[in-house]
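Values in this text are rule-based calculations from the coordinates and carry no lab data. As the structure is a computational prediction, the values presented were derived from the model and not from experiment. For neighbour counting, all protein chains shown are included, and Cβ atoms are generated from backbone atoms with ideal geometry for every residue, glycine included.
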Amino acid sequence: MKTSPFQQTLLYLILAVMVVCALFPIYWMLNTSLKLPQEVYNIAPTYFPKRVVFTAYQQLVDKFQFLVNIKNSVIVSVVVSVFSILVSMLAAYAISKLQFKGRGMISKLILYAYLMPHAVLFIPLYIFVTTMGLSNSIWGLIVIYPTITIPYATWMLISYFGSIPVAIEEAAMIDGCSRLEAMVKIVFPLAAPGIAATAIFAFTLCWSEYLYALVVISDSAQKTVTLGLSDMVVGDVFSWGPLMGGSIVASIPVVIMYLVSSRYLVGGMTLGSVK
Amino acid sequence: MTHSKVYPDAAVPRRAQPSKARQDGLLAYLLMSPALLYLLVVMAVPFLWALYTSFTDKTIGAPAHFIGLQNYLSLLTDPGFWQAVRNTLLFTAGAVIAKVIFGMAMALVLNQNIRFRNFFRVLLFLPWTIPSIVSVFTWQWLYSDVGGVLSDLLMRLHLIESPLPWLASPSLAMFSVILVNVWRGVPFVGIAVLAGLQSISHDQHEAAMIDGAGMLARFRHITLPGVREVTLLTAVITTIWTLNDFEIIWLLTRGGPANATQVLSTLSYTEGFLNLHIGKAIAIAVVTLPALIWLINYVTRRSLSDSNPAH
């Protein structure tokens with residue numbers, strides 16, 4: 001479609017404003033994390049670090065236990081996303097490819113579980129974890145985080161599996177494959193990009209979770225990245241340097257994962273909404 | 001679901017029909033059993049137990065006694081509760097409306113023929129990808145009254161004369177927490193609406209142009225109706241998430257100053273984990289359920305009718 005030069009200029013101007021609004025806070029995070037502490041606490045903020053230093057990142061290790069936090073988050077997120085994706089693949093295959101009584105109701109329940117907010121569930125889950133004797137341990141989180149990731153992953157995978165033509169499976173079954181063989185040898189490999197993207201996204205959901213971790217864990221050796229960050233605020237005293245450095249470190253893995261999998265995630269999103 | 005029939009009868013030549021259907025049913029439940037069992041034990045049972053607890057005087061570390069509707073009745077007469085209800089509605093309405101407007105703008109811009117479109121799409125998507133807690137702390141730093149860059153920028157532009165009390169003033173604090181939620185949430189709406197926009201065919205626009213429809217007319221009669229469904233669905237999903245946002249408000253203001261930003265989720269946390277009244281805390285969360293169920297039902301109806309995943 002043709003647009004006039006004036007419209008072109010206006011378009012890029014609006015785009016520029018949007019990019020600045022979206023990125024300035026992120027730039028500020030980076031900017032702060034590379035300054036010396038004295039410079040951070042200047043009354044008048046400086047828009048570029050006078051000298052680029054990594055003091056803030058050093059403090060994450062020396063003053064705070066950020067490496068421990070990262071280790072805990074990695075363990076929780078990996079274990080939960082692997083477990084969830086395995087369980088969800090089976091459930092999603094059944095819902096998407098098999099005819100059975102109660103299918104409508106079960107897919108509805110899965111969506112309910114996915115959309116049910118954490119603010120409603122955090123007390124029941126806290127009590128569950130306490131009853132199991134798992135409070136104050138990352139195992140408590142490993143037990144409850146699948147309540148977030150299983151409904152999400154199942155819901156995503158239903159649509160990925162649904163996009164695989166039934167004819168391919170039928171052909172395999174006529175050739176003598178059983179249903180389960182067709183599932184493992186045909187459907188799962190064909191849906192592999194979608195499965196990987198869903199697993200990655202499940203990882204980021206665990207990595208970024210805060211409320212459940214806040215109520216379950218108080219022992220600092222068991223704290224995850226989000227709790228580690230919030231611990232850098234003591235009363236009214238904010239350690240902005242390490243806090244922003246830690247924020248950068250906590251964001252990098254999830255941003256990379258998004259970039260890698262976004263093609264499939266957006267694909268999955270459009271798959272439904274375009275119909 | 002669209003696939004009403006999983007495979008035609010002819011595809012399974014050697015077996016009798018009834019037993020095949022039963023086998024499928026059995027296999028389906030077998031495959032679903034790990035997920036369903038897990039969700040039953042860790043989600044459904046604790047949830048129902050909590051529902052019961054909201055009818056007791058349960059406090060942390062003490063046994064519960066059944067007290068009927070007392071928790072709910074005491075909420076009805078508690079002005080703090082009603083303020084939280086009002087704040088929740090204000091926060092949600094303000095944030096959702098702003099997210100839909102800016103998200104639509106983002107989608108419309110990204111749908112144009114611009115250079116490096118994918119690159120810009122990724123850039124604009126970043127605020128949604130970083131962990132929520134990271135965006136909260138970053139904004140807290142932007143808002144800071146000492147060394148905060150937001151006030152500094154506005155002062156350099158001569159829009160204000162002294163630093164603004166972004167989070168300390170009751171009248172400004174609600175705006176500030178909404179702004180953070182909007183900053184984070186716009187990309188989600190934007191990407192979803194963009195997907196809808198891309199499904200509108202070019203032919204429609206061109207036909208309308210040949211018929212002499214101007215830009216505004218085309219927007220009103222082709223673009224808007226074309227993305228109405230997906231926008232509405234996205235708005236409802238965003239509403240569900242915003243209604244129960246906890247992190248932004250809890251970390252920025254703890255519901256203050258003077259309860260100006262106290263919403264139901266923060267009130268529930270305060271009641272449960274600071275005042276240790278578990279029963280009452282759950283009652284506060286339960287109060288939001290009817291509205292929530294209504295919204296989720298909308299999403300379920302819409303999504304399941306086109307086998308359309310919400311995310």
Checklist outcome for this item: Two pseudo-spin positions, 7 Å from Cα along C-beta at residue B:90 and at residue B:49, lie apart in nanometres by 3.8
Checklist entry - Under a straight-distance cross-link criterion of Cα-Cα below 13 Å, which aspartates and glutamates are reachable from residue B:280, leaving out those fewer than 8 residues away in the same chain? => result B:57, B:78, B:271
Next on the checklist: Give me the percent relative contact order of region A:201-252, please, defined on Cα pairs under 8 angstrom at least 6 residues apart.
Outcome noted: 26
Item to check | Surrounding net charge for residue B:153, when Lys and Arg each add one and Asp and Glu each subtract one, Cβ distance under 15 Å | outcome: -2
Checklist entry - Taking 0.36 nm per intervening residue step and subtracting the Cα-Cα distance, what contour gain separates residue A:218 from residue A:130 on full extension? => result 30.4 nm
Checklist outcome for this item: At R0 = 22 Å the Cβ-Cβ FRET efficiency linking residue A:166 and residue A:196, nearest 0.05, sits at 0.45
Item to check | Residue order, fewest to most surrounding Cβ atoms within 10 angstrom, among B:205, B:277 | outcome: B:205, B:277
Next on the checklist: I want the local charge near residue B:186. Using Cβ-Cβ distances under 14 Å, sum +1 for each Lys or Arg and -1 for each Asp or Glu among the other residues.
Outcome noted: +3
Item to check | Nearest-20 debye value, the protein assembly as shown charge dipole, Cβ charges on Lys, Arg, Asp, Glu | outcome: 1040
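Quote to one decimal, in nm, the extra length available between residue B:201 and residue B:156 on full extension: 0.36 nm per residue of separation minus the C-alpha distance between them. Before the final figure, lay out each step's value.
Numbers: separation 45, 0.36 × 45 = 16.20 nm, distance 4.60 nm.
In short, 11.6 nm is gained.
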Checklist outcome for this item: Net charge near residue B:105 (other residues with Cβ under 15 Å of its Cβ; Lys, Arg +1; Asp, Glu -1) is +2
Checklist outcome for this item: Quick calc: nm separation of the 7 Å Cα→Cβ label points for residue A:174 and residue B:33 -> 3.3
Checklist entry - Counting pairs of alpha carbon atoms under 8 Å apart in space and at least six apart in sequence, what relative contact order in percent does chain B give? => result 27
Checklist entry - In which sequence would B:152, B:78, A:219 go, from the one with the fewest C-beta neighbours within 10 Å to the one with the most? => result A:219, B:78, B:152
Checklist entry - If you average the sequence gap of Cα pairs under 8 Å that are 6 or more apart and divide by the length of chain A, what percent do you get for the contact order? => result 29
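Step through the table entries A:101/B:58; A:71/A:185; A:185/B:20; A:35/A:71, compare each Cα-Cα distance with 28 Å, and write down the pairs that go over it. Walk me through the intermediate numbers first.
On the way: A:101/B:58 40 Å; A:71/A:185 35 Å; A:185/B:20 21 Å; A:35/A:71 26 Å.
Check vs 28 Å cut-off fails for A:101/B:58; A:71/A:185.
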Checklist entry - Counting other Cβ atoms within 10 Å, which trypsin sites (Lys or Arg not before Pro) in region B:62-164 have at most 12 and lie in a DSSP loop? => result B:115
Item to check | Magnitude of the charge dipole, region B:109-187, Cβ model with Lys/Arg +1 and Asp/Glu -1, debye to 20 | outcome: 500
Checklist entry - Which of the helices in chain A, when you take each full DSSP H run, stretch at least 30 Å along the axis at their Cα atoms and have an average Kyte-Doolittle score of 0.5 or higher? => result A:5-33, A:66-97, A:240-273
Checklist entry - Which one of B:217, B:255, B:137 is farthest out on the positive end of the charge dipole of the protein assembly as shown, using unit charges on Cβ (Lys, Arg +1; Asp, Glu -1) and the Cα centre as origin? => result B:217
Checklist outcome for this item: Answer in debye to the nearest 20: the dipole magnitude of chain B about its Cα centre, from +1 Lys/Arg and -1 Asp/Glu charges placed on Cβ, is 800
Item to check | Estimated FRET transfer efficiency when R0 is 35 angstrom, pair residue B:168-residue B:41 (beta carbons, to 0.05) | outcome: 0.20
Checklist outcome for this item: Comparing A:132, A:18, A:156 in a Gaussian network model of chain A (Cα, 10 Å), the one with the largest mean-square fluctuation is A:18
Checklist entry - What distance in nm separates the simple spin-label points at residue B:258 and residue B:78, each placed 7 Å from Cα in the Cβ direction? => result 2.1
Next on the checklist: Name the residue from B:39, B:72, B:276 whose Cα lies farthest towards the positive end of the charge dipole of chain B, charges +1 on Cβ of Lys and Arg and -1 on Cβ of Asp and Glu.
Outcome noted: B:39
Checklist entry - Any idea which of B:157, A:215, B:106 is furthest toward the positive side of the dipole for the protein assembly as shown, if Lys and Arg beta-carbons carry +1 and Asp and Glu beta-carbons -1? => result B:106
Checklist entry - Can you sort A:155, B:128 so the residue with the fewest Cβ neighbours within 10 Å comes first? => result B:128, A:155
